[in-house]
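Q: Mind having a look at this structure? Questions to follow.
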Amino acid sequence: MTAVEEVPLSAAGNPIGFGSMRRVEDARFVRGQGNYVDDVNLPGMLHSAILRSPHAHARIVSIDAAAAEALPGVVAVITGKILEGIPRPSLLGDNFAWMPTLSYDTQAVLATDKVRFQGQEVAYVIAESRYIAKDALELIDVEYEILEPVMDAKRALDAGAPIIRDDKGQTDNSITDVHGNKTWESGNAESTAAAIAAAKADPNCVVVTQEIMYPRVHPAPMETCGSVSYLDKVTGQLTMYTTTQAPHAHRTVYAMVAGLPEQKIRIISPDIGGGFGNKVPVYPGYVLSVIGTIVTGKPVKWIEDRGENLVSTGFARDYHMTASIAATKEGKILAVDVDVLADHGAFNGVAQPTNYPAGFFNIFSGSYDYADAHCKVTPVYTNKAPGGVAYACSFRITEAAYVIERVVDCLAQELQMDPAELRLKNLLRPEQFPYLSPTGWEYDSGEYEKTMRVAMEMAGYDELRREQAEKRAKGEYMGIGISFFTEGVGAGPRRDMDILGLGMADGIELRVHPTGKAQLRLSVQSQGQGHETTFAQIVAHELGIPPEDIEVLHGDTDNTPFGLGTYGSRSTPVSGAAASVVARKVRDRARIVAAAALECAPDDLDWELGRWYVKGDRERGKTIAEIALLSHSSLELPEGVEGHLDATAVYNPPSLTYPYGCYICVVDVDPGTGQVKVRRFIAVDDCGTRINPMIVEGQVHGGLADGVGMALMELIAFDSDGNNLGGSFMDYLLPTAVECPDWELGETVTPSPHHPIGAKGVGESATVGSPAAVVNAVIDALSPFGVRHADMPLTPANVWRAIQGNAMRVDMAIE
Amino acid sequence: MEVTITVNGTPVTSEIEPRKLLVHFVREDAGLRGTHWGCDTSNCGTCVLWVDGSPVKSCTMLAAQADGHEVTTVEGLEQGGVLDPIQQGFIECHGLQCGFCTPGMMMTGRWLLDNNPNPSEAEIRDCISGQICRCTGYKNIVASIQWAAEHPATSEVTA
């Protein structure tokens, strides 16, 4: 693709197209002038707080809010009983106590009958200040009848297990999707089972089976969730400033939940302090702030505290996986089967395309060439917070990439083969693309071996292995871990992919003003990705307008076209494509105007960056700025141009894009303490065309830190009483600058053949690909102790126990 | 109770509850929203500002304790329309993404350079290890502080 050095620079020194440039956003952020939801203060605004359940499973006997209501400064106390009494003109239920989830389940806004997880919303206080609202929570007296909770997902379907969703008349804790399925299968069960059975019977083959858990973690953006809602009772206009990655989708959901007319709802998602999937679902707190303004007639602010964010909003993962891999003794992979028990918590609140109830987990066959793959996912309710698809997971490709990369390493250990050699023997070859995977995904492009060789070269792989052998001889435990991942991102083709019936296409609008400056209006919403910079670069690349002359607007549903938002690494693959398409529409229209001005036919014109000129006469031409003014002038315009250059587009992706990469991690493990030190981390990503390499690399850095965190530190576990053991940053450990190494990045560039600029998206690649590299490195270090697997997080205690042959079950507290 | 705290050189007098946190005083009474709040438990450091020239996690200090003291926030870094080198470094080296942790990181970074003008990479990492960033993986934050160390003269405004 376009080499960076070929891109001309604007007067401000920015590339007129692709290349690293400083971010537009930074000017406000470094001055402390960002505008996050908690920075929004409206006249007369009230504050609010939520009373949450201390129990994981309990019947509500009574709620006495009299003392709270009597506290000076308290405006209203709302309970589930009150919500039950508010009629809702909606297809989704007849009152406000329950709301729909994004997976066609229901979730309590405020508990009426039972609480079903620790931290569940029980009552809502609106007061004159945040301090008074919190005081009032202490005065609400709730009598609970404690019930036995279901905390172990493996026992959720046992006969006699307590029933969590008795509100739906359930007789067990199974989850049924919108199509009536209780399990989600993919691939060919019969051929995969036959291949594995044949391998077991064949002395020249091996089958390795490993239980692998991806424990519950939390995206924990630095900014918690919150909203400021105001219903103007005169105009009927609801304005809601809220932490959402998908403002348009939220608008439609609020219209459905609240029964308000959608044209009267304005969602403003200002600066967002990180999302990572945590800000996709609609939470009870958002709905309560809407109810708060309906009840009080005043603006109402709700901002979570950190504990609330960790215990109640969308968690991630919680997949109990058992993987079997069959291969020849020479290392040719034959088949992979994965059985999954999926813990969805108390409500099925997963945010993902409707027809993919296990997300894109079935892309688990990975980056390797084999014919037989099958998975079966069994989802269950437990007495835990709802969620599951979040934390930069690309709709559960994190779990998929982790299980295949972990079990391939188990196979390498069984075969006593170098894990790099095993991967190189099985990687898909360039001539196989487009490649139809055994579970039905069509990978668009890739040169996998090239990327892996770049990573091995950067790492000095052979030298690392020599160093490891020397260290082992001295009783030092160094490990080298490899992960090769393939993602499918950019959801997605609307024929296959929707959320709550909303097809996953994204709109865009480009206005070119008479002076040749432009405004681009996006449906997607940055949470730090730098859209104001990169989307201007896409238009600059297509039209030759300097990026500093293009203002990018986003995050306000009244001022931007409809689209599904930013998650699943979809901004560049979907909206980035839309930006290119809409700019090309403008370019085509400009050609007609230029032809009229130059008194020739449009076909007589050629394009060079920023300018149409007469074929064979480069001097005779018009720049985009000149054409923009002409389009608004008295020039008589031909058919097909109404009078300006502005255009709109909706991009419905023909397919997903498939970024991939090879990561190599080097660790040193202290066998006496179990401490793991990540010494080096090499990451070679191929995300196709890079719009702004600086921003791409920054996103990779962040995802690598996620991987180190999840592999070594992060965990939401529970005790058997249902207490969340990760409810603060003192307990939920995130990596800091001292746990993270100096990331070493490389790249290959294999453009997507079906994306207008060849870009594949990169936002989640490193989070998807890196955990397996870290874990594989630690297990590699521990292999002299006979360790084949231990689950994340590989804390010192867990590593030490693994060395003793007794790795922890991480999802439950040690009894 | 009435307190007077000098914030970025300007005295701010306010009648407050004794339990009011300094971060809330700065955001609400002084009206400066660049100092953020992120965890309540002194772990994340997005609320870092200076009290009498030293970094403090303002979610864990009462405003009353700062009565009569000097507070400096991110809004106090820019002088006369010219960015501080630490601010310029974060722009030059892509030291921020969502921007939420950035004010706290810059306040700590500026303090480090005031006390150790040429810190090693390890010293920088150690100095910001009480603060969390979820976007950058820290590499570019370290580079941003290094940039500021290498460009101690007041920067030109370029953003």
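Q: If you take each beta carbon of peptide B:136-148 and count the beta carbons of other chains within 10 angstrom, what is the mean?
A: Neighbouring Cβ atoms belonging to other protein chains average 5 per residue here.
Q: Further, regarding this structure: Which of the peptides A:162-171, A:111-120, A:21-30 is most tightly packed, and how do the rest follow, going by the mean number of other Cβ atoms within 10 Å of each residue?
A: The densest-packed peptide leads the list: A:111-120, A:21-30, A:162-171.
Q: Next question, about the same structure. What does the structure give for B:67-74 when I average, per residue, the other chain Cβ atoms found within 10 Å of the residue Cβ?
A: The mean count of partner-chain Cβ atoms within 10 Å per residue comes to 1.
Q: Rounded to the nearest 20 Debye, what is the dipole magnitude of region B:2-76 about its Cα centre when Lys and Arg each give +1 and Asp and Glu each give -1 at the C-beta?
A: Dipole size: approximately 260 debye.
Q: Give me a comma-separated list of calculated 3J(HN,Hα) values for region A:258-267, in order, Karplus coefficients 6.51, -1.76, 1.60 applied at θ = phi - 60°, integers in Hz, x for any Gly or Pro.
A: 8, x, 8, x, 5, 5, 9, 10, 10, 9
Q: What is the extension gain from A:Glu449 to A:Met812, computed as 0.36 nm multiplied by their sequence separation minus the C-alpha to C-alpha distance, in nm to one decimal?
A: Stretched out fully, the A:Glu449 to A:Met812 stretch lengthens by 126.7 nm.
Q: Then there's this: List the relative contact order of region B:85-150 as a percent without decimals, with contacts defined as Cα pairs under 8 Å and 6+ residues apart.
A: 56 percent
Q: ³J(HN,Hα) across region A:699-706 via Karplus (A = 6.51, B = -1.76, C = 1.60, θ = phi - 60°), whole Hz, x for Gly/Pro?
A: 5, 5, 3, x, x, 5, 5, 4
Q: Then there is this: Using the alpha-carbon centroid of each, what span in Å lies between region A:15-73 and region A:149-197?
A: Cα centroid to Cα centroid, the span is 36 Å.
Q: What FRET efficiency, computed as 1/(1 + (r/R0)^6) with R0 = 45 Å and r the Cβ-Cβ distance, is obtained for A:Glu262 and A:Ser634, rounded to the nearest 0.05?
A: Approximately 0.65, to the nearest 0.05.
Q: While we're on this one: Taking the Cα centre of region A:89-213 as origin, work out the dipole magnitude from +1 charges on Lys and Arg Cβ and -1 charges on Asp and Glu Cβ, in debye rounded to 20.
A: For region A:89-213, the charge dipole is close to 400 debye.
Q: Output the pairs from A:Lys81/A:Lys233; A:Lys154/A:Lys279; A:Lys233/A:Lys585 with a Cα-Cα distance over 32 Å in this structure; if there are none, say none.
A: Long pairs (Cα-Cα over 32 Å): A:Lys233/A:Lys585.
Q: Within 10 Å, count the other beta carbons around each residue, average over each peptide in A:230-243, B:101-114, A:701-714, and list them highest first.
A: A:701-714, B:101-114, A:230-243
Q: In the neighborhood of B:Trp50, defined by Cβ-to-Cβ distances under 9 Å, what is the net charge if each Lys or Arg adds +1 and each Asp or Glu adds -1?
A: Combined, the nearby Lys, Arg, Asp and Glu give -1.
Q: If you don't mind, there's one more thing I want to ask. Determine the distance separating the Cα centre of region A:231-256 from the Cα centre of region B:94-159; give it in Å without decimals.
A: So the two Cα centres are separated by 38 Å.
Q: HN-Hα J couplings of region A:508-522 from phi, Karplus 6.51/-1.76/1.60, θ = phi - 60°, integer Hz, Gly and Pro as x?
A: 7, 9, 10, 10, 10, 6, x, 7, x, 8, 10, 10, 10, 10, 9
Q: Can I ask one more? If you count, for each residue, the other Cβ atoms within 10 Å and average over each peptide, how do A:417-424, A:7-14 line up from highest to lowest?
A: A:417-424, A:7-14
Q: With label points built 7 Å along Cα→Cβ from the Cα atoms of A:Gln675 and B:Glu17, find their separation and express it in nm.
A: 4.3 nm
Q: R0 = 41 Å: FRET efficiency of A:Arg620 with A:Phe562, Cβ-based, nearest 0.05?
A: 0.50
Q: Do the sum for chain A: with -39,500 (n - 2.57) for every DSSP H run of n ≥ 4, divided by all residues, what is the mean residue ellipticity at 222 nm, to the nearest 500 deg cm²/dmol?
A: -8000 deg cm²/dmol
Q: Continuing with the same structure: Kindly provide the helix-only [θ] at 222 nm of chain B, computed as the sum of -39,500 (n - 2.57) over DSSP H runs of four or more divided by all residues, to the nearest 500 deg cm²/dmol?
A: So the helix-based figure for chain B works out to -7500 deg cm²/dmol.
Q: Still on this structure: Would you tell me the mean number of C-beta atoms belonging to other protein chains that fall within 10 Å of each C-beta in A:127-138, as a whole number?
A: 1
Q: Additional query: For A:Arg466 and A:Lys134 in one chain, what is 0.36 nm times their gap in residues minus the Cα-Cα distance, to one decimal in nm?
A: Answer, rounded to one decimal: 113.5 nm.
Q: Moving on. Modelling each spin label as a point 7 Å along the Cα-to-Cβ direction, I'd like the A:Asp167/A:His179 distance in nm, to one decimal.
A: In this crude spin-label approximation the distance works out to 2.7 nm.
Q: Oh, and also: Answer with one residue from A:Pro87, A:His755, A:Pro203: the one whose Cα lies farthest towards the positive end of the charge dipole of chain A, charges on Cβ with Lys, Arg +1 and Asp, Glu -1.
A: So the residue furthest toward the plus end is A:Pro87.
Q: Take the cross-link list A:Lys264/A:Lys760; A:Lys200/A:Lys474; A:Lys200/A:Lys376; A:Lys301/B:Lys139 and give me the ones stretching past 26 Å between alpha-carbons.
A: Long pairs (Cα-Cα over 26 Å): A:Lys264/A:Lys760; A:Lys200/A:Lys474; A:Lys301/B:Lys139.
Q: After finding the eigenvalues of the alpha carbon gyration tensor for chain A, what semi-axes result from the square roots of 5 times each, listed largest first in whole Å?
A: That gives 42, 39, 23 Å for the three semi-axes.
Q: Calculate, in nm to one decimal, what A:Lys154 and A:Glu69 gain on full extension: separation in residues at 0.36 nm each, minus their alpha carbon distance.
A: That works out to 26.3 nm of additional length.
Q: Mind jotting down the distance between the C-alpha centroids of region A:656-700 and region A:544-571, whole Å?
A: If we compute the Cα centre of each part, the gap is 28 Å.
Q: For region A:505-579, what is the Kirkwood hydrodynamic radius in Å, using each pair of distinct C-alpha atoms?
A: Result for region A:505-579 stands at 12.1 Å.
Q: Another one. Can you return the aspartates and glutamates within cross-link range of A:Lys677? Criterion is Cα-Cα under 14 Å, with same-chain partners fewer than 8 residues away left out.
A: Correct list for A:Lys677: A:Glu476, A:Asp668, A:Glu739, A:Asp742, A:Asp780.
Q: Cut-off 16 Å, label point 7 angstrom out along Cα-to-Cβ of A:Gln416: give me the residues of region A:453-473 whose amide nitrogen falls inside.
A: none
Q: Hey, another quick one. Can you give me the distance in nm between label points at A:Asn41 and A:Glu476, each placed 7 Å from the Cα along the Cα-to-Cβ direction?
A: 5.7 nm
Values quoted throughout were computed directly from the atomic coordinates according to the rules given, and no laboratory measurement underlies them. Computed from a prediction, not measured in an experiment: that's the story for all the values here. Using ideal geometry, Cβ is built from the backbone for each residue, glycine included, and neighbour counts are taken over all protein chains shown.
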